[in-house]
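Take a look at the structure below.
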Amino acid sequence: MAMIRIGDLRIDRVEELCGAFVGPDEFLDGIPRAVLARDPAWLARHGMDMASGNLVTSIHSWIVRTRHHNILIDTCYGNHKDRGEGHLGTNLQTDWLDRLAVQGLRPEDIHFVMCTHLHADHVGWNTRLIDGRWVPTFPNARYIFARKEYEHWHPEMGAATFFGEGPAFIDSVLPCVEAGLAAIVEDGYTVDDQLTVEAAPGHTPGTCVIRAHSQGKGGLFVGDCMHSPLQVACPDVNSLACEDPAQARATRRRLLGDCAEHGHLLLPAHFPPPFAGHVKAAGDAFEYFPLG
Ligand SMILES: [Zn+2]
């Protein structure tokens, strides 16, 4: 994938995993049969692996370079984390840091880490295991956490009942707070006048999107407000990981409508190659146009 530009912002991507891990029915809540029966070319364009019948899913971080700062959006599962037996994110040992280096960035070069929400596959590389301790990976970064999401997962504040207590919060969020590197921010927090944190609840109560804007161009880093291009065509279909189904649907429709109306680039956290695209309104739903 070539580098993406939004005005004077440079956008790159660092992949952790990409594969046809799950079937549509294992992950998308009530995807219509008629959609899964569409022609193979359409399904392939929407991330269906025709050989296995599974959805191609990527787990990646986005990098945004403004004129002044290097910003990492979402940090995948990370290495050596224990997420339970058989979990995709358990005890990974990928060369994600080397892939970051391929983009010309050392951990010290990251100025901001922004997490759309605090699920395990969005906070993992916030920390790494050094001498048996979880240490912030990016020593010069400010880690940006949205207050509502932070409090939802905090064992002394929140009611993170959906997935139970959050081991990811303990090993991948709290160490950054304890190291004095975190900023707990409100809706509207902005980096360099170009990246704004906006509430987008539903997938989790405090999920945010990051709105990029530069020179009249825009992009929306929508995290897990949608996981599959099939949800562009079927915006009322949630993932089974969405905490509040009605709110997740409303947020997804609002974000897709925003992209369609203003021509903003859609940059989700898990879409298959080419990982981002544009959206047009199509009747009561939307059509997805992957980046060429
Ligand atoms: Zn995710």
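Points to keep in mind about this one:
- Residue that is closer than 30 Å to T251 by Cβ and at pLDDT below 95, where the choices are H117, H87, H122: H87
- Filtered by the rule that a residue be within 16 Å of the ligand (Cβ to nearest atom) and touching a helix residue (DSSP H, G or I) at 6+ places or on another chain (Cβ under 8 Å), segment 94-144 gives W96, V113, C115, T116, H117, L118, H119, A120, V123, G124, W125, N126.
- Per the conditions (1) over 14 Å from the mean Cα position of the chain (by Cα); (2) buried (at least 24 other Cβ atoms within 10 Å of the Cβ), the sole criterion not satisfied by V222 is (1).
- Scan of segment 121-149 for residues that are acidic (D, E) and touching a residue at least 24 places away in the same chain (Cβ under 8 Å), ordered by number: D121, E149
- Selection within segment 66-80 - within 16 Å of the ligand (Cβ to nearest atom) and out of contact with any Ser or Thr (no Cβ under 7 Å at 6 or more places or on another chain): Y77
- Against the list (1) within 16 Å of the ligand (Cβ to nearest atom); (2) on the phi > 0 side of the Ramachandran plot, the condition T57 fails is (2).
The values are calculated or read from the model by the stated rules, or taken from the named source; none is laboratory data. What you see is a predicted model, and the numbers here were worked out from it, not measured in a lab. We place every Cβ from the backbone using ideal geometry, glycine too, and count neighbours over all the protein chains shown.
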